[in-house]
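Working notes for the structure below.
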C-alpha cells in the first residue's frame, strides 16, 4: 500500500464523522521447521498480508480486518460497519514516513545450517542417556513488516524479526515416559544460536527428565514455595501483570482498578515492564499504535506506580500513554499488553531460601498460567518441582498447579534472590497471542496453594 | 478462475501434485457494555494453503495474497525441503456443497435489552459484557487433477462475561453459547448469573478425595485438551500415552467417544477435511475400548492405510464428543455427597498429554444429601486422564459443544483429588 492509499482511507473515515482512525498494514512470514525421529520432518510456512482498520466514534470502537486489496471494496467494508455519514470537511495529511527496523546479523534466509544444528542437539541428547527415546527440535522464524498510520498524522513502519528454538526431550523407562522442554526466543536472526551453550544445556535437560521418572505424588495444600528464576516470573505476569493492563482497569474489571499510589505488595517487589530491552523476545521498536516503546515501572517497592495504557484508554483513565499497545496481527484490534515483565533482583541466595523452609516446594521450572483480573484469582503450572524437607531439597515431585489470589500473593513474597533471568513465551488475550518474556530472580512465597494427587 | 490459472502456472514451472485449499472466513461481532455498543467488528479474510512436490520434495505454504504468481512460485521452491518418502494420494472426494451464506443484519439491541434487565433483577450484579456474532466459513479445494470440492458452514454465537460484587468480594465468569434462540440464551445466562452470585459467598473445603459431578463444559474442555493422544503423528513419534493401547480397554464401558463431522446439528460440521478426504462418523473409543487412530494423508501413507478425514494442516478433529446418556439424570441425587465442578482454569498449562496428569484450578458447589449447600472456589482438582475415563460412573444426556471441535455431557466421576 502507498502513502496516498493510507491517506485516502483515513480521510474517507474521518469525512464520515469519526473521532479517530488508524490503519495497520502487515506483511509477515512465519516459518517452522520441525526435526524429529532423527531427521527433518516438516516445514510449515505462513505468509499473511492484510489491513486492520480501527475507527473510534465517541465510546464505540469499530474494527475491520481484511486482506482485500481493492480500495473501493475496503470502502464498502467500512460503510457496512460504520454507518455514520456526516460528510465533514477534512484533509488529513500523513507526516513523512519514519522507519524503524531490528538489527539482524544472520537473516532467516541466509542461514542454511539448521540440519547440522539439529544433528548436534540430537546427538548430544541421545549420547547423554540410553533412556532418551525421542528428541524434537522446532526452529521458529518470524519476519514482520508493518506500516501504521492514523488520523493524527502518524506514519511509521517497522521491520521486526523474531527467532526461537523449541527443544523437547523425552525419556522412557519401563513404558513410563516423561518430557522436558526448553524454548529460548530472541529478537535476533540466527546469530542467537551462538548465545546458547548446548553442550551444557542439553545433558542438563536429559538429567532433569530422568529425575521426573522418579517423581512422587504429594498431598496438596498450602505451603511455602520457592519459585525458580526465569519463567517463574509467570507468577507476576498472571498475578498482577494482566490486572494492570488498561483492558481491564479502564472498565473497573481489575482488582487493581483505582489503586495507583497504594501499597499492593511487600517492599521487596519492584515490577517492571520494559519494551526496549535489546534483543529481547518481547521487545519492539514501536508498539502497534506506532509509539516508541519505553520502560514502565509498574510497582515500585510494593507501591502501585503505573498501569499499561494504550491510546484508546488514555482519556478514560486520565493516565499517560505507556506505548504498550500490541496485537497478534492485523486481524486483531490492539490493546495494552505486557512485553518483557520482570521482578527486579534482590540480594539473597537460593540456599538461604531453601534453608528457611521446614516443609515446602521448590518449583524449579514453570509452565504457563491464567488469571481472572476482576477477582484476582490466578493459576500457573509447575513442570518440574522438588520437595523441600528440613531445609534441604529432596525428591522430585509430579507436576502440579499453584493457585492463589493476586492481592494476597504479592504480600507473601518475603525473600528475593539475586539471580534475575528472563525467559520467552506467548501471552494470549483479547488482541491475540503476542510474544512476551517473563522474568524474576528466585523468590520465596510464604504461602500458596499447591495441587497434589497423593 | 485465478486458482486454476495459478495451478497451470505452477505445473508449467515444474511443480507436481498440487492441492490448493481456499478458506474464506467472514465474522461479525457486536459487543455491548450495558446498553451501549462498545465494539463493532467485521473480519473478511481469505487464505490459500498450497501443497505440492518440487524436485521430489514436499512443500506446504499458507498465503493470503496470490496475485503475484512468480512470488508464489519462488516461495514454494525455496521451501520444498522435505523428502517425499511417503507419496500422498491427492485425490479429492466427490462432494460439493455450494450453499451460500450472508452475514445477516440482525439487530441485537432487543436481545441485549432483555439481557440487561438482569442487572435490575439481581442487585449483586455489577456488570454484564455481552457480545453477539456470526461466523461463516467457505472452503474450496482444487487439485492439479482438475478436481474441486466445496463446503460452507455458518453459526451464530452469544458470549457473556458476568460480574458480581458484594462488599469487597468480586466474582465473575464466562458463558459462550452457539446457535441458541433468544429464550435459550436468556435461560442459560440466568443460570450463569446465579452461579456467579453464589461465588460471592464461598466456603473452604478440605483437601480430600471426592466423588464429583463434572458439568458438560468442564468435561468438554478436558476432552479437548487430550485430543492429541489420538493422533497418528504422536503414535509414530512415540509421544502419546495411548502408545500400544489400540484395541485395549482404557476406559469405563460407559465411555464411547465419537467424532461426527457430518452431523448437521453440530457447529463443527464439515463434509471433508482440509485435504479433501471425506469426513465420517467414527468411534475413537467404543464402550471403553480404544479403537481408532486419527490419520491425515501424510501419516496414512506412512502407516500404509487410508486417511480418516482428519487432515487440517496437521491432524485435528471436528465435532468430537463423549456419547451422552439416553435420558436426563438427577445427578445431584445420584451423587448424594461430593462436589459439583462447573468451572476449570489453567487448561493450557495444567495438562500433561504425555503422562495424562491433570492439575487445574476449579470452582463449584458442595453437595450434601443431594442438595447444594454452598459454593467453593480456588481449589485444585488433580487426576490422571485415563483414571478419569475409567472412573466415570454416570453420563447425563445434556451434550453441549464448547467449540467446533469438542463437546460433552455432564458426568459423575469417583475419586478426584481436591486440594484446598
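Every read-out reported here was derived from the displayed coordinates using simple, explicitly stated rules and does not represent laboratory data. These numbers were taken from a predicted model, which means no experiment stands behind them. Cβ placement follows ideal geometry from the backbone for every residue including glycine, while neighbour counts extend to all protein chains displayed.
Structural remarks
- Taking label points 7 Å from Cα along the Cα-to-Cβ direction, residue A:87 and residue A:5 give a separation of 2.9 nm.
- Angle between chain A longest axis and helix A:198-213 axis [Cα atoms, degrees, rounded to 10]: 60
- Nearest 10 degrees, 0 to 90: helix A:3-16 Cα axis against chain A principal axis: 70
- Rounded to 5, percent antiparallel among DSSP beta bridges of the stretch A:325-454: 90
- Residues residue A:419 and residue A:390, FRET efficiency given R0 of 25 Å [Cβ-Cβ distance, rounded to 0.05]: 0.60
- Estimated from helical segments only, the mean residue ellipticity of chain A at 222 nm is -5000 deg cm²/dmol, where each DSSP H run of four or more residues counts as -39500 (n - 2.57).
- Chain lengthening between residue B:415 and residue B:35 when straightened (0.36 nm per residue, less Cα-Cα): 132.3 nm
- Spin-label model, residue A:219/residue B:55: points 7 Å from Cα along the beta carbon direction are separated by 6.5 nm.
- Placing R0 at 51 angstrom, the Cβ-Cβ distance between residue B:371 and residue A:101 gives a FRET efficiency of 0.20 after rounding to 0.05.
- Note: relative contact order over chain B, using C-alpha pairs below 8 Å and six or more positions apart, is 15 percent.
- The stretch between residue A:123 and residue A:447 holds 112.4 nm of extra length on full extension. This uses 0.36 nm per residue minus the Cα-Cα distance.
- The stretch between residue A:152 and residue A:349, if pulled fully straight at 0.36 nm per residue, gains 65.9 nm over its current Cα-Cα span.
- If you plug the beta carbon distance of residue A:38 and residue A:113 into 1/(1 + (r/R0)^6) with R0 = 30 Å, you get a FRET efficiency near 0.95.
- Dividing the summed -39500 (n - 2.57) terms of all DSSP H runs of n ≥ 4 by the residue count of chain B sets its mean residue ellipticity at 222 nm at -5500 deg cm²/dmol.
- Between the Cα long axis of helix A:114-128 and the first principal axis of chain A there is an angle of about 20°, rounded to the nearest 10.
- Rounded, prolate or oblate (a/c below 1.5 giving rounded, otherwise prolate when a/b exceeds b/c) for the stretch A:109-214 by Cα gyration tensor: prolate
- Label-point separation in nm, residue A:292 to residue B:81, each point 7 Å along Cα→Cβ: 3.7
- Residue list for the stretch B:376-420, given a label point 7 angstrom along the Cα-to-Cβ vector of residue B:209 and an amide N cut-off under 18 Å: B:380-394, B:412-420
- Within the stretch B:43-77: backbone nitrogen closer than 17 Å to the residue B:16 label point (7 Å, Cα to C-beta): B:51-60, B:77
- Overall form of the protein assembly as shown per C-alpha gyration tensor (a/c, 1.5; a/b vs b/c): rounded
- Cα-based shape type of chain A, given that a ≥ b ≥ c are square roots of the gyration tensor eigenvalues and the cut on a/c is 1.5: oblate
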